Amino acid sequence: MTSVGKSTFIDRLKSAELRQRFGIPDGYIAITPISGLDTLVTGPINTLVFHYDLLRPFGRPVQSHGRDPALHLLSSAEKITVITLFNSAEELVKRKSKSETTIDPASRHRILLKMYRNSEFLDSWYEAWFDEMQKYASSTVSSLHVRTNDNYDIVADHNEFRRILHQGADANSAPTELIRDFFDSREHG
């Protein structure tokens, strides 16, 4: 999710305590799909932290996680721990507003700012992400939902996850036609 706190989380992994909590050993490599895939060393990598924005397909030609070539990297992993970061709609809007000062009103980021207020939009993207991660279930040793607050709380209960995610959201806050058009484009991907 854009502005959820992925970069901050990865930066805080410099703390041995946080790494230990999430089972990430010293000597890990962190990459992003944009800059890191081409720079990966050849051969085995013991621990790779894959900095992936689950909204990466939104408004882009790939349109779905299943069509994103960056995720194919996961199929080569022997063991996967999925750490899905999330926060409330209210916090996402606050962070997105803070990070975007001068944006074109029709830009992807401006649309996301509106869509973050919509619980249906948030639910659909997280569910699409969880569905995509099922493809890697045989390699997945752990799947954690982590709230990006000061404590990085692990939220195991799906209902609690949704309750937090929906805080500050309103199902009628984004234009219905924008949501419909977007979902229609995903069905064809």
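For region 96-103, state whether one or more residues are surrounded by 12 or more Cβ atoms within 10 Å (Cβ to Cβ), within 15 Å of the chain's Cα centre (by Cα) and in a helix (DSSP H, G or I).
Yes, region 96-103 has at least one match.
Quick grid of which residues meet (1) of a type in the set (K, R); (2) out of contact with any Cys (no Cβ under 9 Å at 6 or more places or on another chain); (3) closer than 28 Å to G66 by Cα:
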| residue | (1), (2), (3) |
| --- | --- |
| V4 | no, yes, yes |
| K14 | yes, yes, no |
| E17 | no, yes, no |
| A30 | no, yes, yes |
| D38 | no, yes, yes |
| G43 | no, yes, yes |
| N46 | no, yes, yes |
| V49 | no, yes, yes |
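If we scan region 110-127, do we find a residue that is of a type in the set (D, E, K, R) and not in a helix (DSSP H, G or I)?
yes
Where residues in region 22-38 are in contact (Cβ under 8 Å) with a residue 24 or more places away in the chain and more than 21 Å from T2 (Cα to Cα), which of them is surrounded by the fewest Cβ atoms within 10 Å (Cβ to Cβ)?
G23
Can you find even one residue in region 172-189 that is under 18 Å from T2 (Cβ atoms), assigned to a loop (DSSP other than H, G, I, E, B) and at pLDDT below 80?
Yes, because at least one residue in region 172-189 is under 18 Å from T2 (Cβ atoms), assigned to a loop (DSSP other than H, G, I, E, B) and at pLDDT below 80.
Within region 73-90, is there a residue that is of a type outside the set (S, T, Y), within 16 Å of W129 (Cβ to Cβ), surrounded by 14 or more Cβ atoms within 10 Å (Cβ to Cβ) and modelled with pLDDT under 90?
yes
Every residue in region 110-146 that is touching a residue at least 12 places away in the same chain (Cβ under 8 Å) and aliphatic (A, V, I, L, M), please.
Within region 110-146, I111, L112, L113, M115, L122, A128, M133, V141, L144, V146 meet the criteria.
Any idea which of V4, V62, V41, V49 is free of Cβ contacts under 8 Å to residues at least 40 places away in the same chain and either of a type in the set (D, E, K, R) or in a loop (DSSP other than H, G, I, E, B) (or both)?
Going through V4, V62, V41, V49 in turn, the sole match is V41.
The values are calculated or read from the model by the stated rules, or taken from the named source; none is laboratory data. Quick caveat: nothing in here was measured; it's all calculated off a predicted structure. So basically every Cβ, Gly included, is an ideal-geometry build from the backbone, and we count neighbours across all protein chains shown.
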